[in-house]
Amino acid sequence: MGRDIDALMEEINGIPVVRVADVIKPVLARFGRSANDPSIRMDILADMRRALVSGDTDAIRRFLSRDEEYWIGNLQLAYFRHFNATNPLEGYEDWARTKCDLLLAVASRTRDDDCIIQHLLNYEDFHIEVLPFTFGPEFIVRMYELRGLDFFLFHYMGKVTSAHEDDALFHHAASVTKALEKLGRSSEAALVEQELQARKARLTAIGRDLFP
């Protein structure tokens, strides 16, 4: 994300490894926090929420940009860094709720960041993670209403990958059905499930044609 890769990487058996401590340095510097100060969690959430309340599209989108001190992935690493006597996953619900609000705010304003959102949802499994929370189904359904079912059937990691190449995406897209059911929208859930099964059937047919 715009980092000096040579400065951040080590090699293990010839494989480059990015050190978390180096990745989060710009985040810590922006907030004036030391590496083991758990107050960074409050700083990060407050910063994201300020941007959301401001309604400033550029400020909101900055968290999905190449700015290493703002990039949501780096913020997440800093937020969940292990602190002395602190559970690394403590505060996950607050983080996830704010992240949901941010992604929806971006998606409702522009399609320019769709590939990033799809990567976060479908490759990093974020929508699966938040489904059990009270706010999770609403987030998933709202994203579905904004972008449709196909939005859940792609991710971007190295190249554009669809459910045709990664059938795990069908399992991920099933979260839309589950979310609708949790919200009591059973009829819509059934329609989405039918649509999803139809897509699976078409891909199966294509596979048979290509590889008889």
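Each value in this text was obtained by applying a stated rule to the coordinates, not by laboratory testing. On a predicted model such as this, the values are computed, not experimentally measured, just so you know. Here Cβ is always computed from backbone atoms with ideal geometry, including for glycine, and neighbour counts include all displayed protein chains.
Can you give the convex hull volume per residue for the Cα atoms of region 13-109, as a whole number of Å³?
Values: hull volume 11.2 nm³, N = 97.
Convex hull volume per residue, Cα atoms: 115 Å³.
Would you calculate the separation in nanometres between label points at residue 87 and residue 49, each defined as 7 Å from the Cα along the Cα-to-beta-carbon direction? Result for the modelled spin labels: 2.1 nm.
So, R0 is 25 Å and r is the distance between the beta-carbons of residue 77 and residue 56; what FRET efficiency does that work out to, to 0.05?
Working: r = 25 Å, r/R0 = 0.99.
About 0.50, to the nearest 0.05.
Relative to the current alpha-carbon distance between residue 202 and residue 124, full extension at 0.36 nm per residue lengthens the span by 25.5 nm.
If you keep only loop residues by DSSP, which trypsin sites (Lys or Arg not before Pro) in region 62-138 have at most 10 other Cβ atoms within 10 Å of their Cβ? Qualifying residues, ordered by number: 66.
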